[in-house]
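Undergrad: Dumping the structure here so I can ask a few things about it.
The values are calculated or read from the model by the stated rules, or taken from the named source; none is laboratory data. Computed from a predicted structure; not experimentally measured. Heads up, the Cβs are rebuilt from the backbone with ideal geometry, glycines too, and the neighbour counts pull from every protein chain shown. Each accessible area value is taken on the protein alone, full model and side chains, heavy atoms only, with ligands, DNA and RNA left out. Shrake-Rupley method; radii C 1.70, N 1.55, O 1.52, S 1.80 Å.
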Amino acid sequence: MASKAVLLLAAAVVASACVLGSSAEAKIGELEKLRGLGKLGKVGRLVITGVVPCNTGSLIDIATSPLFPNADVELRCMGKMVAGATTNTNGSFTIEADMTNALLAFIGGCTLVVDTPLIKCNADLKDVGALVSYLQGPLTRLIGDIFHLFPAGFSFHARARRG
């Protein structure tokens, strides 16, 4: 089990990097440097669970939208894919990643992205784009070995059609 001191050290590194205005790459580099020195070790893991809607719009209501089975969901931190999963037949998914990515998620550096075309869940949805969601969750869970986050709400981001 990870000690509270190690978790607080990692959180302090990220917080101080934010205050000093370091670039996103520097934040990741500092965390990786600490891990390489054996100071972070295995500090726990990030678990993200949620449901992907099959719809367009902003902050899509999953209670009133059909669900998106077999969609590829990616956890992207600082623009780089760090973990992924595929939704089941009920549109649900679970993604697991290391604690470094949990810290990046706290500073707003991570999003969930679904690039699977909407036409795969509804033939009438021919829009080209991706479903994107920021993450949310209680800060109190940072102390444990498992940190649980959820989608804040998926929104459709259209892409220009080529051709």
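Undergrad: Return the residues of region 32-43 that are at pLDDT 50 or above and buried (at least 21 other Cβ atoms within 10 Å of the Cβ); say none if nothing qualifies.
TA: Across region 32-43, the qualifying residue is only 43.
Undergrad: Could I ask something else about it? Could you tell me which numbered condition residue 49 fails, if it satisfies all but one of (1) farther than 23 Å from residue 158 by Cβ; (2) open to solvent by 70 Å² or more (accessible area, probe 1.4 Å); (3) at pLDDT 90 or above?
TA: Against the list (1) farther than 23 Å from residue 158 by Cβ; (2) open to solvent by 70 Å² or more (accessible area, probe 1.4 Å); (3) at pLDDT 90 or above, residue 49 comes up short only on (2).
Undergrad: Of the residues that make up region 10-25, is at least one open to solvent by 20 Å² or more (accessible area, probe 1.4 Å), in a helix (DSSP H, G or I) and modelled with pLDDT of 50 or more?
TA: Checked region 10-25: at least one residue is open to solvent by 20 Å² or more (accessible area, probe 1.4 Å), in a helix (DSSP H, G or I) and modelled with pLDDT of 50 or more.
Undergrad: Also, quick follow-up: Provide a single number: the residues in region 45-59 that are outside any strand (DSSP E or B), over 12 Å from residue 121 (Cα atoms) and under 17 Å from the mean Cα position of the chain (by Cα).
TA: So the answer is 1.
Undergrad: Oh, and also: Across region 120-135, what is the number of residues that are surrounded by fewer than 20 Cβ atoms within 10 Å (Cβ to Cβ), at pLDDT below 95 and among the aliphatic types (A, V, I, L, M)?
TA: Of the residues in region 120-135, 3 are surrounded by fewer than 20 Cβ atoms within 10 Å (Cβ to Cβ), at pLDDT below 95 and among the aliphatic types (A, V, I, L, M).
Undergrad: Does residue 100 satisfy the criteria of being in a loop (DSSP other than H, G, I, E, B) and either modelled with pLDDT under 90 or of a type in the set (S, T, N, Q) (or both)?
TA: no
Undergrad: Pull up region 137-163, narrow it to residues that are assigned to a strand (DSSP E or B) and at pLDDT below 90, then point me to the one that is surrounded by the fewest Cβ atoms within 10 Å (Cβ to Cβ).
TA: By that ranking, first place goes to 146.
Undergrad: Using beta carbons and a limit of 6 Å, which pairs, at least six apart or on different chains, have the first residue in region 111-126 and over 14 Å from residue 159 (Cβ atoms) and the second one part of a loop (DSSP other than H, G, I, E, B)?
TA: Pairs found: 111/134; 121/54; 121/68; 122/54.
Undergrad: Taking only region 82-96 into account, find how many residues are within 22 Å of residue 118 (Cβ to Cβ), outside any loop (DSSP other than H, G, I, E, B) and of a type outside the set (S, T, N, Q).
TA: 4
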